[in-house]
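Step one of this worksheet: look at the structure below.
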Amino acid sequence: AEKYATDDSAFFKDYAQSHHLLSELGSKFYPAEGIAIDPPTPERLRQCKEALSKLIDEKNCHPIMVRLGWHDAGTFTKAIGIEHWPRCGGANGSIRFEPEIAHGCNAGLAKALELLQPIKKEFFDVSWADLMQMASA
């Protein structure tokens with residue numbers, strides 16, 4: 001923190017490097033046999049949204065879900081360009097990985113991820129990115 005207090009260019013350089021490394025996490029996973037998961041059907045997505053609504057009502061957690069979706073989407077870096085997705089960031093579910101989740105501005109969001117775990121387990125075919133955005137809507 002002291003380093004960044006006196007040199008904001010160091011902060012932005014380190015942040016850009018961390019963002020790049022974080023964005024690369026999922027892009028180099030190529031299992032030999034591949035992964036075949038059918039996309040969720042509209043009915044499955046409705047069921048997932050209902051489960052999310054129930055969770056939000058029971059836990060009164062909509063504010064933290066909105067914040068989770070916002071902070072996940074807030075990693076978008078225009079300078080990298082959308083044509084280089086997922087390296088450019090955005091609402092791609094990357095917030096659940098270190099170092100992004102541990103960043104100070106994301107304090108408390110690990111709790112939101114914990115709340116979503118049972119729903120993700122049930123709706124394994126819904127991506128983390130979609131789950132977070134549905135929970136925030």
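Would you point out the residue of the range 79-129, among those that are acidic (Asp, Glu) and surrounded by fewer than 18 Cβ atoms within 10 Å (Cβ to Cβ), that is modelled with the highest pLDDT? For the range 79-129, the residue satisfying everything is GLU114.
May I ask you to list pairs of residues, at least six apart or on different chains, whose Cβ atoms are under 8 Å apart, with the first in the range 124-137 being in a loop (DSSP other than H, G, I, E, B) and the second being of a type in the set (Lys, Arg)? From residues that are in a loop (DSSP other than H, G, I, E, B), the pairs are ASP125/ARG44; VAL126/ARG44; VAL126/LYS120. Cβ-Cβ distances below 7 Å connect the following pairs, each with a first residue in the range 46-60 that is under 12 Å from LYS120 (Cα atoms), a second residue that is surrounded by fewer than 13 Cβ atoms within 10 Å (Cβ to Cβ), and a separation of six or more residues or different chains: ALA51/GLU122. For the range 64-72, the condition holds for at least one residue, the condition being that it is out of contact with any Leu (no Cβ under 9 Å at 6 or more places or on another chain), at pLDDT 95 or above, of a type in the set (Val, Ile, Thr) and surrounded by 12 or more Cβ atoms within 10 Å (Cβ to Cβ).
Condition check ((1) out of contact with any strand residue (DSSP E or B) (no Cβ under 7 Å at 6 or more places or on another chain); (2) over 19 Å from ALA91 (Cβ atoms); (3) loosely packed, with under 11 Cβ neighbours inside 10 Å; (4) at pLDDT 70 or above) across all residues:
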{"residue": "GLU2", "(1), (2), (3), (4)": "yes, yes, yes, yes"}
{"residue": "THR6", "(1), (2), (3), (4)": "yes, yes, yes, yes"}
{"residue": "PHE12", "(1), (2), (3), (4)": "yes, yes, no, no"}
{"residue": "GLN47", "(1), (2), (3), (4)": "yes, yes, no, yes"}
{"residue": "GLU50", "(1), (2), (3), (4)": "yes, yes, yes, yes"}
{"residue": "LYS54", "(1), (2), (3), (4)": "yes, yes, no, yes"}
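The values are calculated or read from the model by the stated rules, or taken from the named source; none is laboratory data. Everything numeric here is computed off the predicted structure, so don't read it as measured data. Cβ coordinates were reconstructed from backbone atoms using ideal geometry, including for glycine residues, and neighbour counts include every protein chain displayed.
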